[in-house]
Amino acid sequence: MTNENFIKLSRIYEQSEKMRISLQGKKLDKMKSQALENPEQFWAEQAKSLSWFKHWDKVLDSSHPPFYKWFVGGVLNASVNCLDRHIDSDFKNKVAIIWEGENKESRSFTYSQLYGSVNKLANALKNLGVTKGDRVTIYLPMVPELPIAMLACARIGAVHTVVFSGFSGQALSDRVNDSNSKVVITADGGFRRGKLIELKKVVDDAIPFSPSVEHVVVLKRASNNIKMSPKCVWWHDIIEDALPYCAPENVESTHPLYILYTSGTTGKPKGVVHSTGGYLTYLYATAKWVFDFTTKDIFFCTADIGWVTGHSYIVYAPLMHGATQIMYEGAPDYPRPDRYWDIVEKHGATILYTTPTALRMYLKFGDSIPNSFELSSLRLLGTVGEPINPEVWMWYFKTIGKENCPIVDTWWQTETGGVMISSCSGIEMVPMKPGSGTFSLPGIDAVVVDENGKPTAADKKGYLAIRKPWPGMLMTLWKDDEKYQDTYWRKFVNNVYFTGDYALCDTDGYLWLLGRSDDVLKIAGHRLGTAELESAFVSHPAIAEAAVTSRPDEKKGESIIAFLVLRTEFVSESGQQLRNELVSHIKETVGSIATPGEIYFVGKLPKTRSGKIMRRLLKSISSGSSTIGDVSTLEDARSIEEVRQVYDDLHRAVG
């Protein structure tokens, strides 16, 4: 097997006359050169797009690497940059948020209405004793009150820590305790796949083990029966008499805006800390470069705000730009596998920013469903969260975008704050390669290196690393500077940031993300990335989704096991003949070393509500473990049982 196989699954797409673009990228190259030659001047120019109470004394303090400080001495407020700056403009009565519920319930907030709601809640939080620097945990469903709570915290200088509403009581308590939060904001309940999610009960389980919590603010969302302890107050009660204007707190550029925890439900969670000035500067710039926001755009980012994509590109970036943002509370395939297309048509979305996981799910059902909706309002498509399979990219481009919409395939992390690698529709589009993230953004010095930190040759897999600091970067891990240094800065010398992702750079300079470096199988001494193998499976016309794991093997060390979801029209062919065909396909696309030991066809893969495949569960099933572990973030627990049943049935059949 060679490292070029991932690229061989792709090809440069021949642009139609409707999408004639520059082949040289001269404007983008010039901008990138300027940014790397004089980064402080470059980022200072970007920071001028924000509203500052006081400009900075120093653009970058790098005296104590890797604890970089951006726009030192500058003073600003995130809420002001998202709301106040629009109130005296033509945007005052423009719709800021369109909210869509799973049952097609809909609400909208203008910038003026959002401003009023944020001010009242900010004053209500101050009345509860919340002051600058205090932490507030937000555990809400995907409703407009979630960004309102975040912006209210930012307005008074409190540090918000949003916890994904799919987490268990134990996971919630871990995060509340680690951040030492004074207040928890939650709801009586939420809805998912037509079912009531009793969020307040989860909070009730967590609070007895969280002594720092003084108040629990409860939003009436589902009107289900709940218990209100002495610490609990209703959202609607505390805002009723709150003053309509809250003077924004002046915070330093380096003041923490939020903590967001990155780990799963096992082990101590890592609290990524983002600043205010550097983070907002980076988001404003990257949103402009990647999405090219205009005053007419209706931006549909399908992420959950419990994850960083929702923080950055549902809440802060679109609001700073005065865009209209669609929020959706619900699953992409409930009650039918058409929700995204229905929302695009209903609200006239111009930009769709979603995950490869969701696209693979939709692809499984074929073209007829999206083709039954009017999607001509779309002008730009985007992906985020994981590498996109080239075949899925082509389906997205042709079926959803009708070959009229460029695709921005973005790579970034919770730790980076915003997009790091992508095409830049707001600067200059370059030829697209399905499955490639394209190039690093201006000001980002990304490089693929080997184990020794040396740049690799073209088309050779290595580790993706970042050689210069950037404004959106995390400041540290909450209360754990040592782990911050160990995790991100000590693998290589000279203060190079280690992303933890495999990548390669092709002969044209395009970057290809190959998945996490810890998502690796070791087969007969060869290290194979799960992303490469899964992409090879999905490139077969019968396969919509793939998840690859392994189990111990006496001869090879590990044996490859594939769990595959078939496209609808191939479900009836799920027999040995198709398995044999897939084995041959993998040998041809990746190599004989990647021959799967076992192939299982399943109706769905176990995923979190954010769309991540829970490979840990597949690994447990494959290894015969009786312990699955915490599945509190799982989208549908039935998928585990289905995978287990298929696995057990086949093993019984072969004796």
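The values are calculated or read from the model by the stated rules, or taken from the named source; none is laboratory data. Note that the structure is predicted; figures quoted are calculated from it, not measured. Here the Cβ is made from the backbone with ideal geometry for all residues, glycine too, and neighbour counts use every protein chain on show.
Figures for the structure shown
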{"item": "Residue list for the stretch 208-220, restricted to those being touching a helix residue (DSSP H, G or I) at 6+ places or on another chain (Cβ under 8 Å) and either under 25 Å from LYS120 (Cα atoms) or outside any loop (DSSP other than H, G, I, E, B) (or both)", "result": "PHE209, SER212, VAL213, VAL216, VAL217, VAL218, LEU219, LYS220"}
{"item": "Subset of the stretch 345-362 that is of a type in the set (Gly, Ala, Ser) and closer than 26 Å to LYS612 by Cα - its residue that is modelled with the lowest pLDDT", "result": "ALA358"}
{"item": "Which listed residue, of LYS556, LYS522, LYS479, is of a type in the set (Lys, Arg) and either modelled with pLDDT of 90 or more or surrounded by 22 or more Cβ atoms within 10 Å (Cβ to Cβ) (or both)", "result": "LYS479"}
{"item": "Residues (surrounded by 24 or more Cβ atoms within 10 Å (Cβ to Cβ), under 20 Å from ILE314 (Cα atoms) and modelled with pLDDT under 95) located in the stretch 150-189", "result": "VAL163, SER165"}
{"item": "Residues satisfying the stated conditions in the stretch 363-387, i.e. modelled with pLDDT of 95 or more and of a type outside the set (A, V, I, L, M, F, W, C)", "result": "ASP367, SER368, PRO370, ASN371, SER372, GLU374, SER376, SER377, ARG379, GLY382, THR383"}
{"item": "Residues of the stretch 432-481 that turn out to be closer than 19 Å to LEU514 by Cα, under 21 Å from the mean Cα position of the chain (by Cα) and not in a loop (DSSP other than H, G, I, E, B), as a count", "result": "7"}
{"item": "Top-ranked residue of the stretch 363-376 - restricted to ones that are assigned to a loop (DSSP other than H, G, I, E, B) and touching a helix residue (DSSP H, G or I) at 6+ places or on another chain (Cβ under 7 Å), ranked as nearest to HIS311 (Cα to Cα)", "result": "LEU375"}
{"item": "Residue, farthest from MET142 (Cα to Cα), within the stretch 294-324, restricted to residues that are part of a loop (DSSP other than H, G, I, E, B) and small (Gly, Ala, Ser)", "result": "GLY322"}
{"item": "Residue selected from the stretch 95-131 under the condition at pLDDT 95 or above and of a type in the set (Lys, Arg), by the criterion farthest from CYS246 (Cα to Cα)", "result": "ARG107"}
{"item": "2 or more residues in contact with a helix residue (DSSP H, G or I) (Cβ under 8 Å, 6 or more places away or on another chain) and over 30 Å from LYS270 (Cβ atoms): qualifying strands (runs of 3 or more DSSP E) within the stretch 95-169", "result": "95-101"}
{"item": "Flag if ASP333 is touching a Lys or Arg at 6+ places or on another chain (Cβ under 9 Å), among the acidic types (Asp, Glu), surrounded by fewer than 22 Cβ atoms within 10 Å (Cβ to Cβ) and under 29 Å from ALA171 (Cα atoms)", "result": "yes"}
{"item": "Per-region count, the stretch 272-304, residues modelled with pLDDT of 95 or more, surrounded by fewer than 24 Cβ atoms within 10 Å (Cβ to Cβ) and more than 23 Å from GLY437 (Cβ to Cβ)", "result": "2"}
{"item": "Given (1) crowded, with 18+ Cβ neighbours inside 10 Å; (2) under 19 Å from the mean Cα position of the chain (by Cα), index of the condition TYR510 fails", "result": "(2)"}
{"item": "Unique residue being crowded, with 18+ Cβ neighbours inside 10 Å and more than 21 Å from ALA531 (Cα to Cα) when the list is GLY435, GLY417", "result": "GLY417"}
{"item": "Residues (within 13 Å of PRO356 (Cβ to Cβ), part of a loop (DSSP other than H, G, I, E, B) and more than 14 Å from the chain's Cα centre (by Cα)) located in the stretch 378-421", "result": "ASN389"}
{"item": "Only one of ILE185, ILE239 that is without any contact (Cβ under 8 Å) to a residue 60 or more places away in the chain and among the hydrophobic types (A, V, I, L, M, F, W, C)", "result": "ILE185"}
{"item": "Which listed residue is out of contact with any helix residue (DSSP H, G or I) (no Cβ under 7 Å at 6 or more places or on another chain), under 26 Å from ILE351 (Cβ atoms) and at pLDDT below 95, from MET394, MET429", "result": "MET429"}
{"item": "For ARG193: the one exception among (1) out of contact with any strand residue (DSSP E or B) (no Cβ under 6 Å at 6 or more places or on another chain); (2) modelled with pLDDT of 95 or more", "result": "(2)"}
{"item": "Residue under evaluation LEU83, criteria (1) part of a loop (DSSP other than H, G, I, E, B); (2) buried (at least 24 other Cβ atoms within 10 Å of the Cβ), criterion not met", "result": "(1)"}
